[in-house]
Structure formats: structure tokens, C-alpha cells
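This report concerns only the one structure given below.
The values are calculated or read from the model by the stated rules, or taken from the named source; none is laboratory data. Owing to the predicted nature of the structure, the values given are computational and were not obtained by experimental measurement. FYI the Cβ positions are ideal-geometry reconstructions off the backbone, even for glycines, and counts take in every protein chain you see. With ligands, DNA and RNA removed, areas are computed over all heavy atoms of the protein, side chains included. Shrake-Rupley method; radii C 1.70, N 1.55, O 1.52, S 1.80 Å.
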Amino acid sequence: MGIFIFKRLIHGLIVILGVTLIVFVVTRMVGDPVKVMLPLESTQEQRDAFKKQLGLDRPIPVQLVNFLKDIARLDFGDSLWQKRPAMEIVFEKLPLTLALTAVGVGLACVFAIPLGIISALRPGGALDRLTVFGSLLGLSMPQFWMGLLFILLFAVQLRILPTSGSATPSHIILPALTMALPTLARLVMLVRSSMIDELNQPYVKTAFARGLPFVRVVGGHALKNAGLPIMTLIGWEVIRSLAGYSVVVETVFAWPGIGLTAIQAIEREDLILIQAIVFTAAISVVLINIAMDFIYKLIDPRLKLT
Amino acid sequence: MTPSLPLLEVENLVVNFYTRGGVVQASRGVSFQVGHGETLGIVGESGSGKTVAVQAVMGLISSPGRIEGGDIRFNGRSLVDPAGRKYVRQVRGKEISMIFQDPMTSLNPVFTIGTQITEVLCHHMSMDKGPARLRAMELLELVDINAPKKRLGQYPHELSGGMRQRVMIAIALACEPRLIIADEPTTALDVTVQAQILELLSDLQARLNVSVILITHDLGVVAQLCHRVAVMYAGRIIEVGDADRVFADPVHPYTRGLIRATPSLEDVTERMVSIEGVPPDLIRPPAGCAFSPRCDQVKEGCRRHQSLTPIGEDRHVRCWCAAQGKVPPAEPALVGKGPRP
Amino acid sequence: MTKTKANDLEQALSRSRYEWVDKLKELGRELRRDTAGFIGVVLITALVLMAVFAPLISPHDPTEQDLTARLVPPVWYEKGSWGHVFGTDHLGRDILSRAIHGSRVSLWVGVSVVSLAGGFGVVMGLLAGYLGGRTDAFIMRWVDTQVAFPGLLLALIILAVIGPSLTTVVLVLSLNGWMVYGRMTRSAVLAIRQSPYVEAAEVVGCRWPRIIFRHILPNLTSSLLTLGILEFARIVLAEAALSFLGLGIQPPATSWGLDVSMGKNYMFMAWWLVTIPGCAIGITVLAINLVASWLRLISDPQEREKQFARHMAGSMRKAMVLKAETERRQP
């Protein structure tokens with residue numbers, strides 16, 4: 001167990017180093033951060049001063065070492081746009097993205113799991129075909145477009161829900177719904193197919209032969225066995241959302257999470273804030289991955305943590 | 001024991017499977033009975049309909065299969081009519097329990113042994129968790145599993161094949177059933193373990209006085225354990241009766257072939273004998289006796305429908321020749337017209 | 001002797017050609033039975049034709065502005081006209097023409113990303129699965145690491161620094177998406193390597209490139225095809241999202257995602273600005289998904305059998321009863 005956590009943490013470090021290297025290469029070697037950040041008409045002195053301030057006048061290896069030091073201290077410097085520590089901004093925005101992800105993925109689970117199970121009970125039946133077609137449709141609609149349609153419907157036509165910002169709890173409904181739909185579609189398909197697989201396993205027949213009630217066999221025996229792929233997908237959806245896919249929903253609904261902040265930082269060419277956001281995302285992804293491995297072990301005792 | 005009412009009666013059971021290739025007639029009018037405290041062996045090749053017949057008893061036939069005729073009565077109550085479908089759910093696991101072929105896949109891999117035994121007790125006997133655990137330990141002791149307390153917390157993959165089959169037997173015994181169906185309980189096990197499991201089964205059968213249906217390909221096992229034997233071929237029972245007498249004097253050519261094909265340890269010089277030909281296609285079964293294409297004594301009368309004909313006390317056979325030669329025809333309309341041999 | 005041999009060979013060849021045709025026919029028959037898959041194939045064919053012949057069939061130049069006819073509604077509105085079937089945008093450009101031209105970008109990005117990422121991923125998977133050892137460990141570590149990257153955020157940064165264009169979008173999406181192919185190919189290679197026929201080929205002394213290309217790849221095609229099609233759908237959506245965020249295709253080029261993003265500001269006055277290009281994306285991706293699920297169905301014999309049992313059981317039972325009755329009537 002200890003070795004397992006150690007291995008995972010090492011892998012996490014490799015991931016974070018990989019991200020570091022890519023961001024380093026992209027921002028320093030391919031692009032010119034000064035050109036990106038300063039206005040075109042700025043003088044040579046201004047440029048040099050700025051370079052010095054960021055430590056860009058030093059040789060590349062020194063820059064890399066300094067960059068790694070920044071990461072180790074979780075201090076990327078002040079945001080160029082908001083003139084305050086970048087990590088402070090990230091910690092302010094992160095809870096909003098986490099809330100959106102939690103409500104969205106939670107909503108998807110609440111509907112997807114029962115729906116998937118019911119479809120799996122009678123594959124090819126009317127309800128099953130409806131579910132399959134519905135989820136294909138959900139998978140095919142672009143998320144940003146669904147968000148816009150929700151705004152048209154609920155805010156413009158029906159005038160019942162707010163569409164932008166995060167002022168009141170009801171502000172989360174539309175973005176969370178938009179977030180939930182593609183996840184719901186993917187999850188329903190997966191729950192359905194893995195439940196169909198499990199219901200055909202011999203142990204299900206034995207469980208029925210033991211006279212156990214239907215609900216217990218389907219919702220207990222089969223569902224727990226199907227739990228592994230289902231949990232994998234749920235974890236994957238959370239990771240996706242934190243790894244940047246929340247950007248789309250946050251942009252459409254002006255939900256001020258880290259996704260929207262990332263886009264704004266990119267628009268304002270605030271490389272320091274962008275770096276802070278990317279690293280936070282990378283660390284969250286690594287942590288969630290480790291947590292998922294423990295959940296797997298809880299579900300399936302056969303797994304060995306290696 | 002009431003001789004008038006057997007524990008289980010299966011009558012003219014018809015089960016069809018609807019597949020892409022056609023309708024597979026897996027069970028074409030199977031009838032048999034099991035008395036109280038009796039062990040019935042069902043033998044036959046794979047695909048002869050043994051498993052389908054007993055799964056029908058348990059109400060376990062699922063799509064694309066369907067029970068399309070006949071009746072199954074347990075203690076005189078039907079298990080297939082509309083009320084019976086409900087009744088079978090109460091009965092299975094409690095009064096009739098089943099031991100499956102492959103203990104590797106028949107236990108749920110993600111639940112502990114303890115959970116899988118106690119859930120049956122909690123459901124059928126309305127026991128609480130605590131007493132159920134104690135009873136589960138007793139059951140594990142009953143099937144000769146050492147360190148039962150430790151086993152309760154283990155998962156199936158932590159046990160050997162033989163041990164898992166013992167757990168399956170413990171689960172089957174949990175509610176003190178009156179009938180245990182063992183569907184090739186030893187096929188997936190090592191030879192040494194097979195003997196142990198069979199010994200355990202016969203010992204328990206004698207001690208607890210339950211009825212047993214034992215499905216197997218192994219005639220030696222039947223001879224050793226069963227009171228009566230039913231031989232199945234192509235979805236029908238072709239010979240049924242007292243086990244000793246069937247083995248001493250087999251009547252149906254297929255039964256004879258099966259007995260001849262069983263290698264005996266006494267006579268090692270003997271070459272393996274097999275029955276020529278292949279079992280029939282159950283999508284298009286031959287008219288009349290299904291064995292006739294492979295039979296070396298085939299007569300013209302074999303092409304007609306054969307019914308199970310009594311040929312002595314508790315012995316029936318489905319063979320035209322035997323019916324002609326040994327006993328007066330039971331259904332004159334069907335027999336009798338053919339040429340005398 | 002040689003003559004008969006040549007004859008045999010020719011016969012065998014012609015037979016195999018027939019088999020090929022038969023297979024295609026069988027596929028066609030299969031397709032007609034599955035309405036959803038059929039619709040998908042028809043839609044995709046139509047989309048490809050539309051993209052290829054876009055300049056010929058679109059009524060207007062997609063970039064032609066007409067400030068006198070701004071925000072004209074679709075034809076079924078009173079103010080609409082047949083000149084602009086789906087209306088015009090805030091610069092008076094014809095929505096239908098832009099939608100037709102937008103298909104070119106979506107399909108082109110999809111095709112190039114799937115071939116780039118797929119090609120790279122398959123090669124990597126083959127190397128990892130076939131060579132094993134250190135190569136395998138290295139490639140799989142790489143895959144694991146990249147899978148754990150915050151992919152979209154990195155993509156956004158790279159696009160922002162390098163500057164968004166068709167080429168950079170294709171490159172970034174390919175870099176982001178090759179891992180699935182790699183993993184799948186590797187696991188399939190590992191499974192196939194242990195099969196007797198590959199072992200036999202090794203014993204006979206086949207070199208490994210030959211084994212990979214003659215024995216392993218052909219067995220992978222059906223699953224790779226399904227994966228590729230699913231990825232294609234995902235890529236079309238990703239391109240649309242990037243363009244919507246302003247980091248994909250840049251004006252004056254046309255892209256469905258870009259059109260939705262531009263129409264967003266006029267959404268409350270002119271809903272068709274976002275709805276038409278959005279529908280175009282939805283229909284395209286839906287068609288691809290329908291084909292993918294049909295392909296998955298026909299490549300899985302077990303699933304096919306079940307599907308059949310569900311649909312045919314009723315009619316077959318009726319036929320059996322009928323047959324039994326006629327047999328009883330004429331003994």
C-alpha cells in the first residue's frame with residue numbers, strides 16, 4: 001500500500017514536470033512572452049525592464065531552474081492583468097468550478113444510473129431504444145450550443161432562470177444542466193452496456209437460483225460488479241471538467257470559475273495567471289487519479305494496487 | 001414418504017430457444033419424477049437438454065428461451081402456470097436449490113463468502129445478521145471447510161476451486177431445502193477434488209434426507225450415487241428407471257452405447273469404444289426416434305413417433321424395437337403397423 | 001500440370017473476388033435492416049458531397065456582405081425571402097451558404113486529425129505491444145502521463161501563443177488525442193500475439209514487420225475503424241468548441257463553431273444565427289455516431305444474435321405453430 005502511494009505520487013510528479021516542460025517550452029522558446037504581454041508601442045527600455053522583472057534576461061537553463069522553484073513554492077508571481085498574486089485568484093475561482101462540476105456530474109449520475117439499469121433489463125425494448133437514441137442525441141449536440149438554447153428557452157422565452165454570473169444559488173442550475181447533459185449521455189450508455197454484460201454473467205443466474213429478490217440481484221450483485229467502469233467514467237468526467245472542459249460552459253454562462261478565468265487570462269495574454277491555472281488543474285487531475293485508484297480497490301477486491 | 005405424490009414431477013416439458021439459425025428445440029417433451037429422499041441421475045451428451053430441463057424447474061429459462069408446454073409440479077403445485085411463476089420465486093433457494101457447474105464464475109466476485117451465505121438466510125429465513133453469521137459458520141463446517149470464521153471474510157478469488165464448490169453447496173443447503181439440483185457439480189474441478197465433492201454430496205444427502213437431481217456425463221458417478229437414472233438424448237428422455245437395473249440390463253441402444261463407451265479400470269486392455277455419428281441438429285430433429293440415424297439396429301418403425309413405453313416395474317424406454325420385442329405396445333395406433341423383426 | 005495449377009489459381013482468385021462482393025452485399029443487406037445506421041450513412045454521404053461541391057451548390061459566396069440585408073429571417077417568416085433560405089447574419093451574409101461551407105472545415109479537421117492521431121497512435125501501440133520490454137514501458141508511461149495532462153487547457157495555451165489557424169488546430173487536437181489509439185492497439189496486439197496463428201507465423205520465421213502488417217493489423221481493422229469514427233465525432237465537436245471560444249478557425253474563414261459564437265451576440269433578436277450552424281454540427285455528429293454504433297453492432301456477433309432473437313422470436317413462433325398444424329392435418 002505504501003509502495004503504491006509512493007509510485008502514484010512519483011507518477012504525479014512526472015505528470016506535473018511534463019506539464020511544466022511543455023508550458024516552459026511553449027511560453028519561452030516558441031512564443032515571446034514579452035511580445036505577447038506588452039503593448040506593441042512600448043519602448044526597448046520598457047521591454048528590457050519587463051524582461052528583467054520576469055527573469056527572462058538570464059540563460060534558458062537558469063530560467064528553467066527558477067521556473068521549477070516557483071512551482072515548488074506554488075508562487076508564480078503577480079497576475080499581470082489583476083496585479084495581485086496569481087495563486088490567490090486561482091484559489092478564489094477554483095471552488096466555483098468545483099461546485100459546478102460536482103452539481104453537474106452529480107445530476108448526471110442521479111439520472112444516468114437508474115435509466116441505464118432500466119434500459120439494460122430489456123435491451124431492445126421501447127424504453128431502451130428511446131434511451132439509446134436520446135443519449136446518442138445528447139452526445140451529438142455541441143455543449144456550448146445546448147447552453148445557448150437553454151438560455152433562449154429558460155431565460156428569454158420562459159424568463160424563469162438567470163443565465164449569467166454566480167450571484168444566487170439558482171444561477172448554478174442552467175450551467176450545471178448544460179454540464180450534465182453530455183456526461184449523462186455517456187454515463188447512460190456505459191451503465192447500460194456494462195449492466196447488460198453483468199446480467200449475462202453466471203453469478204447472476206446463481207443469485208436468482210438462490211431465490212434472492214430481483215432488486216437485490218440487479219441493484220446489488222450486478223451493479224457492484226458494473227461499478228468499476230462506471231466509477232472510472234465518473235472520475236474521468238470530473239477530471240475532464242477540471243482539466244479545462246468546464247471552459248465552454250463557464251464561457252457561455254459567464255460562470256466565474258477557473259475555466260472562464262483561463263480564457264480571460266488568455267485573451268489578456270496574462271501568462272503568469274495561465275501558468276498558475278494550468279498547474280492547479282494538473283495537480284487536481286493527479287490527486288483525483290490517485291483517489292480513483294482507492295475507490296477501485298473498494299469496489300473490486302480482486303484488484304491489486306501496484 | 002407418500003408414494004402417491006412425488007416431490008417433483010416434470011411432465012411433457014417443452015422448451016424452445018429462438019436463435020438466428022432457427023428454433024432450437026432444447027427440450028421436446030421431457031417427463032420425469034423425483035421422489036422424497038431420492039437421488040435421480042440425469043445423463044446424456046452435452047446439448048441433450050439436461051441443463052435446460054432443470055433450469056426450467058428453477059424458473060431460470062430466460063430470453064431467447066421459453067417454456068412452451070408441459071408442466072412442472074413441486075409438491076403438487078405447478079411452477080409454470082401464472083401463479084406458479086410467483087411460487088417458483090418463493091421456492092427457489094429455499095426448498096429447491098441448485099449447485100452449478102463452474103464454481104469459478106457462479107459466485108459473485110465482489111462479495112465476501114459471508115455476505116453471499118448470509119443474504120440467503122436473511123432473505124428466506126428472515127434471520128438477522130448476527131444469527132445468520134453463526135448459521136453460515138455452521139454451514140461451512142458442515143461442508144468440511146476449515147477455519148470457517150476466516151472464510152466468511154474472504155472473497156471467492158481467495159479460495160481454491162474445490163473450496164468454492166463447497167461454499168456453493170453450503171449456500172444450497174442454507175435453508176434446508178427438500179430438493180437439490182446439482183448441474184455437473186464436478187466438471188470444472190480436479191479429479192481428486194471431484195471425488196471429495198461427490199462424497200460430500202452423497203453423505204449430506206443421506207444425513208439430511210433431501211432429494212437430489214444429479215446431472216452428469218459420468219456414468220460411474222451415477223452408478224455410485226443415484227437410486228434412479230434418466231438417460232437423455234436430443235431433448236428427450238429415452239430410458240429411465242432404477243439405476244442398478246438400467247446399468248445391469250440397458251435396453252435402449254443409446255444407453256448400451258454409453259455404458260460400453262465408459263472405460264472401466266478393471267479391463268485396461270480394452271480399446272475405447274465410441275458411438276458412431278453425431279448428435280442430431282435440434283433445429284431440425286429427425287422424425288421418430290432421434291437416435292435412429294446412429295443406431296445399428298434401426299428398423300422402419302423407428303421413423304415413427306416413439307413414446308416412453310413401460311417395460312417393467314419403474315422402467316420406461318423410448319425405443320420401437322424394445323417396445324416390440326419385450327412388452328405389449330402401449331399405444332397400438334403408433335406401434336404395431338411396422339414389420340415384425 | 002502447370003496449366004491446371006494456373007486454372008486453379010484463377011478460379012480461387014475469382015472465387016475470392018466474389019466473396020468480397022458477397023461480403024459487401026451482405027453489409028448492404030445488414031444496413032437496410034438497421035434504419036438508424038442507414039440514415040447515418042446517407043447523411044454522411046450527403047455531407048461529404050456537400051463539402052466537396054460546396055462552391056457549386058451554395059447560393060451565395062459565404063463571405064459576401066450585404067449591409068442592406070442584415071439579419072434577414074428565414075424564408076418561412078413574413079420578412080424572409082427565397083434569396084436567403086435560412087436568413088442572413090449581422091453582416092448580411094447568407095446563413096445557408098456559410099453552413100454549407102462550414103462543413104468543409106469540420107470534415108477536413110476531422111479527417112486530418114483522425115489520420116494523424118490514429119496513424120501515430122497505431123504505430124506507437126504496435127511498437128509497444130510487439131516489441132514489449134523497455135519500448136513498451138516507455139511508450140505506455142508516456143501515454144499515462146499525457147492522459148493525466150489537463151489537455152484542453154494546454155491546447156488553449158498553445159493555440160494562444162502560437163496563434164490559432166487551421167493547421168495549429170489540427171496539430172493540437174492530434175497531439176491531444178493519439179493516446180486512445182495507442183492503448184487500444186497495444187492491448188489488441190498483446191491479445192493477438194498469443195494466438196496460435198501468430199505464434200505459428202513466428203515459428204515459420206516471419207519477420208516482425210510482416211507479422212504486424214499481414215497478421216496483426218488486419219485483425220485490428222474493425223475495432224480501429226469504430227474507434228476512428230467515434231473519435232471523428234469527438235474531433236468535430238472539439239473543433240467547433242475551439243472555434244466558438246475564438247481559439248480555432250479565424251475569420252474570414254467559415255466554421256460552424258465560429259458562426260455560433262458570432263451569432264451569440266444577436267441571439268435574442270435573431271435566433272437562427274446560432275440555431276442553424278448548431279444544428280449542422282449536431283446532425284453531422286449524430287450521423288457519425290449512428291454509423292459508429294451500427295458498426296459496433298455488426299462487428300459483435302453476440303450482440304447481433306441477441307438483436308435477432310428480440311425481433312424475430314414472435315414471427316418464428318407463429319411460423320412453427322403453423323407448420324405443426326399443417327403437419328397434423330396431412331399425416
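The table below lists the values:
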{"read-out": "Hey, residue A:190 more than 14 Å from chain B (Cβ to nearest Cβ), surrounded by 19 or more Cβ atoms within 10 Å (Cβ to Cβ) and closer than 28 Å to residue C:279 by Cβ or not", "value": "yes"}
{"read-out": "Among residues of region C:210-251, those that are of a type outside the set (D, E, K, R), away from chain A (no Cβ under 14 Å) and more than 30 Å from residue A:156 (Cα to Cα), counted", "value": "16"}
{"read-out": "Residue check for residue C:170: open to solvent by less than 20 Å² (accessible area, probe 1.4 Å) and in a helix (DSSP H, G or I)", "value": "yes"}
{"read-out": "Qualifying residue in region C:93-108 (condition: aliphatic (A, V, I, L, M) and surrounded by fewer than 19 Cβ atoms within 10 Å (Cβ to Cβ))", "value": "no"}
{"read-out": "Pair list, Cβ under 7 Å, 6 or more apart: region C:152-176 residue under 20 Å from residue A:249 (Cβ atoms), other residue outside any helix (DSSP H, G or I)", "value": "C:156/C:247; C:159/C:247; C:160/C:247"}
{"read-out": "Complete set of residues in region C:257-276 that are facing chain A (nearest Cβ under 8 Å) and open to solvent by less than 10 Å² (accessible area, probe 1.4 Å)", "value": "C:257, C:260, C:267, C:274"}
{"read-out": "Near pairs, Cβ below 6 angstrom, 6+ apart or cross-chain, from region C:252-275 (part of a helix (DSSP H, G or I)) to any residue that is open to solvent by less than 40 Å² (accessible area, probe 1.4 Å) and of a type in the set (Phe, Trp, Tyr)", "value": "C:257/C:244; C:260/A:145; C:260/C:244; C:261/C:244"}
{"read-out": "Hits in region C:142-167 (condition: assigned to a loop (DSSP other than H, G, I, E, B) and of a type in the set (A, V, I, L, M))", "value": "C:148"}
{"read-out": "Residue within region A:10-26 that is loosely packed, with under 13 Cβ neighbours inside 10 Å and either modelled with pLDDT under 80 or away from chain C (no Cβ under 14 Å) (or both) present", "value": "no"}
{"read-out": "Residue tally, condition in a loop (DSSP other than H, G, I, E, B) and farther than 30 Å from residue B:278 by Cβ, over region B:188-244", "value": "3"}
{"read-out": "Selection status of residue C:193, touching a residue at least 60 places away in the same chain (Cβ under 8 Å), open to solvent by 20 Å² or more (accessible area, probe 1.4 Å), away from chain A (no Cβ under 14 Å) and not polar (S, T, N, Q)", "value": "yes"}
{"read-out": "Unique residue being more than 27 Å from residue C:229 (Cβ to Cβ), surrounded by fewer than 21 Cβ atoms within 10 Å (Cβ to Cβ) and within 14 Å of chain A (Cβ to nearest Cβ) when the list is C:162, C:157", "value": "C:162"}
{"read-out": "Test result for residue C:45, loosely packed, with under 14 Cβ neighbours inside 10 Å, more than 33 Å from the chain's Cα centre (by Cα) and of a type outside the set (Lys, Arg)", "value": "no"}
{"read-out": "Count of region B:101-115 residues which are touching an Asp or Glu at 6+ places or on another chain (Cβ under 6 Å) and open to solvent by 20 Å² or more (accessible area, probe 1.4 Å)", "value": "1"}
